[in-house]
Every structure is written in structure tokens, then in C-alpha cells.
Amino acid sequence: MELVIKKDAGEGALSAAAVLARLVSQKPECVLGLATGGTPVPVYRELVRRHQEEGLDFSRVTSFNLDEYLGLGPEHPQSYAAYMREHLFDKVPVRAAHLPDGLARDVPGFCAEYEDRIRRSGGIDLQLLGLGSDGHIGFNEPGSSLASRTRIKTLTERTRKDNARYFGSPGEVPKHVLTMGVGTIMDSRHCLLLAFGEKKAKAVAEAFEGPVSHMVPASALQWHPQLTVILDEAAASHLTRADYYRWVYDRKPDWQRWE
Ligand code: PGA
């Protein structure tokens, strides 16, 4: 696990975009796992800029999104399908973009098929992740099985409150979602988790310096063979070994650097 502490969210997002851009340049047919929410917005902005100004080519990339609200179709403005079009796909065409279907009638059947699609694509090379203030990844809320696969989940009241800013009030946030499982996420070859702001500091410390527990689903990533965590100073503020992570990062050999 590598923890990278940047001055602020802006620098953290540029660093994350550099990780993604390096992979897309080195492996144009890569499979990306994508995330939504507030955190990745500046990452996508930088990828759009690199595409438009530097010709970074995504035309052979396949993507799979982590999650979607159940009951929202792709035309619903709060759907993650709409989010992805707005922030990335309308400006950066990819070969194939997959999202869970919020209108799936046969939910278990759809989820099994989504898992199958990921497998048939060759598996996810790089999975971008945000972190819930309750320690969730994707929409795997506390108590999720650490071996879980894509399935329906019920959001916690806390997550519905956190996401109310997009809907108007917590009551309007859907109660159910489809999400890749923790096990699905763990199968990706590289996980890149971003967390910015004081609101995430407790979850960051619990996930990466606390015990592995399904009460903090992100803590399962401690078992991941290639995990990069990019934080800003505020999100890192509860870590006990922050100085060590900075020391390590400053002494990385050049061949390990991506920026
Ligand atoms: P946020 O959400 O990026 O909007 O803070 C993160 C998450 O819930 O995974």
C-alpha cells in the first residue's frame, strides 16, 4: 500500500489523473473501473484537458462503473450514467462504457451478467475509488461482506445525507443501489483510492491504520497487492504515520514515479 499526501485536493486530483493517463498511454486497450461523486470530478476534468490539449486517446479503453442508483434510468439527471456523460464520456469517447443498469428488472441476473462482462473484458486494470465518510467503497456500506460481488445494497442514512446535496433532501435519495462488491473491487489489478477533506479523515485513519473489518469496508484494501491512496493534508490529518508516508514518497526511485 502506498499513501501519498498532497497539499490539497487540486494537487491530489492532478496526481490521480497522471496515474490514469500513464496507464492509458502505456496500454491503450486497458480496462478502467470508474467512480462517481464529488471527489473524481477534478480528475475527469484533467483527463478531458489531456485528451483535448495533448491528444490522450481513450478510443480503445473499456470502462466499468462501480455503482448506480436503483430506479434511476440513464436519462435521470442524478443517475451516475448522466454524471459520467457530463464529466467524461460526452467529451472523451471510449470504446465501451459499462454501468450498472438502474432499471434492471432481474436484479440478481443483471448483477451476475455485469460480473461476467468484467471477466470477459479481461478484468479491471485500474479501479478508481472514492471513500465514503462511513468507510464505504463503491456503495459497500459498513457490514458488507468483504467477499461480496455486484449486487443490490441499501444505503445508510448517513450516505443518503451525504448525497442529499445532489437531490435536494435526504428523502429524495434512492434507498437502493447496485454496486460492485468488495470482492469485485479486490479483483482489479491496481486500486487507486482518493479522499480529500477533513470529513474523510476519520474514515481514512480507520481504513488504512485500523484493523481489517467489514465495519469499514475500505479496510479490505489492506489485503490488495497494489493499492495507491492519494490524500490531501486534511484527509490525512488523523493518520499517526503521516510523516513516514511523506518520507517514503519523497524517496521513491524515479522508475516508480508517475509524475
Ligand atoms: P464523494 O463520495 O466523492 O462525493 O465524497 C465518495 C463516496 O461516497 O465514495
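So here's what we get for this one:
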| read-out | value |
| --- | --- |
| Span-like helix ranges in the chain, DSSP H, alpha carbon extent 20 angstrom or more, Kyte mean at least -1.0 | 9-26 |
| Where labels lie 7 Å past Cα in the beta-carbon direction, separation of TRP258 and ARG241 in nm | 2.1 nm |
| Trypsin sites (Lys or Arg not before Pro) restricted to DSSP loop in segment 1-76 with at most 10 other C-beta within 10 Å | LYS7 |
| Inter-label distance, nm, simple model (7 Å from Cα along the C-beta direction), ARG22/GLU75 | 4.3 nm |
| Overall form of segment 68-218 per C-alpha gyration tensor (a/c, 1.5; a/b vs b/c) | rounded |
| Amide H contacts of ALA97 (H built 1.01 Å from N, under 5 Å, at least 5 apart or other chain) | SER63 |
| Contact order normalised by residue count of segment 116-259, Cα under 8 Å, 6+ apart, percent | 28 percent |
| 19 Å Cα-Cα reach of LYS153 towards lysines, excluding residues that sit fewer than 8 places from it in its own chain | LYS161, LYS175 |
| Computed over segment 170-226, the ratio Rg/Rh where both radii use C-alpha atoms and Rh is Kirkwood | 1.01 |
| Rough spin-label spacing in nm, given labels placed 7 Å along Cα→Cβ, for SER133 and LYS199 | 0.5 nm |
| The chain, relative contact order [Cα under 8 Å, separation at least 6], % | 25 percent |
| Residues in segment 215-258 that a label on GLU209 would reach, taking backbone N under 15 Å of a point 7 Å out along Cα→Cβ | 231-248 |
| Cα-Cα separations in segment 1-158 greater than 27 Å, expressed as whole percent | 24 percent |
| 5 angstrom amide H check on LYS6, placed H, neighbours 5+ away | LEU231, ASP232, GLU233 |
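Bear in mind that the values in this text are calculations on the coordinates, not laboratory data. In this text the structure is predicted, and so the values were computed from the model without any measurement. No Cβ is skipped: glycine too gets one built from the backbone with ideal geometry, and neighbour counts run over all protein chains shown.
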